[in-house]
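**Q** If you scroll down you'll find the structure; I have some questions about it.
The values are calculated or read from the model by the stated rules, or taken from the named source; none is laboratory data. These numbers were taken from a predicted model, which means no experiment stands behind them. Cβ coordinates were reconstructed from backbone atoms using ideal geometry, including for glycine residues, and neighbour counts include every protein chain displayed. We work out accessible area using only protein heavy atoms, side chains counted, and drop any ligands, DNA or RNA first. Shrake-Rupley method; radii C 1.70, N 1.55, O 1.52, S 1.80 Å.
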Amino acid sequence: MDDFRSLIIDIYLTSKIPNYQKILRDGTIRRNRCNHYDGKYCKLVKTGDWILLSWTLKDQVSPHPVLCYLCPYYGSNIDETVNTSLLQLLRDYISIRNGIEREISNIEGKIGEMLYSSLVLKRRRQELLTMLDEIDFKINIIKLLIRYQEEHDDI
């Protein structure tokens, strides 16, 4: 069952996302480096969305690398379990995106005011724009997963 679920997710996303192999590789690296992953199960994130899981055993979750790629808790020092879902991940990333957009707007307002520090502000603005692109990409992946899960709830 473990390989079957992963295979279904991989086949679907490979056809929808041009650089899916890179996402899979990045997610696997993040999963293996995460201090909440014990080599088989994630001790932090719990989810009921089958599409994000390679395998479940009682309350233990073996995450698919896509979940690790999308996980906003990566590198955090949270001790308690976090229950999440695709919709919660979508809300989290939209909230992050809104915060970044506000910061970009503030920076753009300050660039003309402070002549000597405009180089630093422009660099920060560029970093934020790059982060915004990554977040928009993750939001699009989450939307694809939500659509697929709704269409195939019987797997």
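**Q** Compute the long axis of helix 20-33 from its Cα atoms, compare it with the longest principal axis of the Cα atoms of the chain, and write down the angle in degrees, 0 to 90, nearest 10.
**A** 90
**Q** Quick check on the chain: helices-only [θ] at 222 nm, where DSSP H runs of length 4 and up contribute -39,500 (n - 2.57) each and the sum goes over total residues. Nearest 500, please.
**A** Details: 5 runs with 95 residues, N = 155.
That comes out to -21000 deg cm²/dmol.
**Q** What lysines could a cross-link reach from Lys43, if we take a straight Cα to Cα line under 22 Å and drop same-chain neighbours fewer than 8 places away?
**A** In chain and number order, the partners are Lys58.
**Q** What residue among Ile96, Ile111, Ile135 has the largest mean-square fluctuation in a Gaussian network model of the chain, using Cα springs under 10 Å?
**A** Comparing Ile96, Ile111, Ile135 in the GNM, the peak value goes to Ile111.
**Q** A follow-up question, please. Along the charge dipole of the stretch 88-151, pointing to its positive end and built from +1/-1 on Cβ of Lys, Arg, Asp and Glu, which listed residue (Ser95, Ile107, Leu119) has its Cα farthest out?
**A** Leu119
**Q** Out of all Cα-Cα pairs in the stretch 56-106, roughly what percent, to the nearest whole number, are more than 18 Å apart? Could the numbers behind the result be given before it?
**A** Numbers: 568 of 1275 pairs.
Tail fraction, whole percent: 45.
**Q** Counting only heavy atoms of protein chains, what accessible area per residue, in Å², does the chain have with a probe of 1.4 Å? Present the calculation step by step, with values, prior to reporting the outcome.
**A** Details: 9260 Å² over 155 residues.
Value for the chain: 60 Å² per residue.
**Q** Nearest 5 percent is fine: what portion of the DSSP beta bridges confined to the chain is antiparallel? Walk me through the numbers before you get to the answer.
**A** Numbers: 6 of 9 bridges.
Beta bridges within the chain, antiparallel portion: roughly 65 percent.
**Q** As an exercise, use a Förster radius of 30 Å and the Cβ-Cβ distance of Lys40 and Asn77 to find the FRET efficiency, rounded to the nearest 0.05.
**A** Details: r = 21 Å, r/R0 = 0.72.
E between Lys40 and Asn77, to the nearest 0.05, is 0.90.
**Q** Between the helical axis of 86-111 and the dominant principal axis of the chain, each derived from Cα atoms, what acute angle in degrees is found, rounded to the nearest 10?
**A** That helix lies at roughly 10 degrees to the long axis.
**Q** Placing unit charges on C-beta atoms (Lys and Arg positive, Asp and Glu negative, everything else neutral), compute the dipole magnitude of the chain about its Cα centre in debye, rounded to 20. Can you show the working numbers first?
**A** Details: 22 positive and 22 negative charges, 103 e Å.
For the chain, the charge dipole is close to 500 debye.
**Q** Using a Gaussian network for the chain with springs between C-alpha atoms less than 10 Å apart, which of these wobbles most: Leu67, Leu87, Leu24?
**A** Result for the chain, Cα springs under 10 Å: Leu87 fluctuates most.
**Q** With axes computed from alpha carbons, what is the tilt in degrees of helix 118-151 against the longest principal axis of the chain, rounded to the nearest 10 within 0 to 90?
**A** 30
**Q** If I compute solvent accessible area with a 1.4 Å probe over the protein chains, what percent of it on the chain is carbon and sulfur? Let's see the in-between values first.
**A** On the way: 4760 of 9260 Å².
The computed percentage sits at 51.
**Q** If you take the Cα Rg of the chain and divide it by 2.2 N^0.38 Å, with N the number of residues, what do you get?
**A** Details: Rg = 18.0 Å, N = 155, 2.2 N^0.38 = 15.0 Å.
The chain yields a ratio of 1.20.
**Q** Looking at the chain, identify the longest residue range that excludes and avoids all GluC sites (Glu not before Pro) in DSSP loops having at most 15 other Cβ atoms within 10 Å.
**A** Values: sites that count: Glu80, Glu113.
Longest stretch, sites excluded: 1-79.
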